[in-house]
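What follows is one structure encoded as structure tokens, with my remarks underneath.
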């Protein structure tokens, strides 16, 4: 049974997890699946720690989106990091500037163009 969900925080987003109102660790949301209990979701997180750890928490939509709740008597809150998980925009290099040449092309290398090195053969019995 497919369930439509429209969360502000979604799969692939990075979140900062606060324990007792103190930032504790970063995590990436790996999956959000409906739980057997109506209105609740299994939220799979990858804690970005060394070593990375997988966690699965059962949360309400409001808790996934940043509402405070308690876990084992400790205050917990997920804070979505805006655009932190978005791919970087590709960098477009500036167009190359070509200078038109008049007449014959110059044989002198351009100072910006690297020159080819000279190949020196290695022969047995020679020492430098």
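Observations on the model:
- You will find that of 101, 37, the residue that is part of a loop (DSSP other than H, G, I, E, B), modelled with pLDDT of 70 or more and over 23 Å from the mean Cα position of the chain (by Cα) is 37 and no other.
Residue-wise test of (1) touching a strand residue (DSSP E or B) at 6+ places or on another chain (Cβ under 9 Å); (2) in a strand (DSSP E or B); (3) at pLDDT 95 or above.
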{"site": "56", "(1), (2), (3)": "yes, yes, yes"}
{"site": "66", "(1), (2), (3)": "yes, no, no"}
{"site": "76", "(1), (2), (3)": "yes, yes, yes"}
{"site": "86", "(1), (2), (3)": "no, no, no"}
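The values are calculated or read from the model by the stated rules, or taken from the named source; none is laboratory data. Keep in mind that what you see is a predicted model, and the values were worked out from it rather than measured. Neighbour counts run over all protein chains shown; Cβ positions are idealised from the backbone, glycine included.
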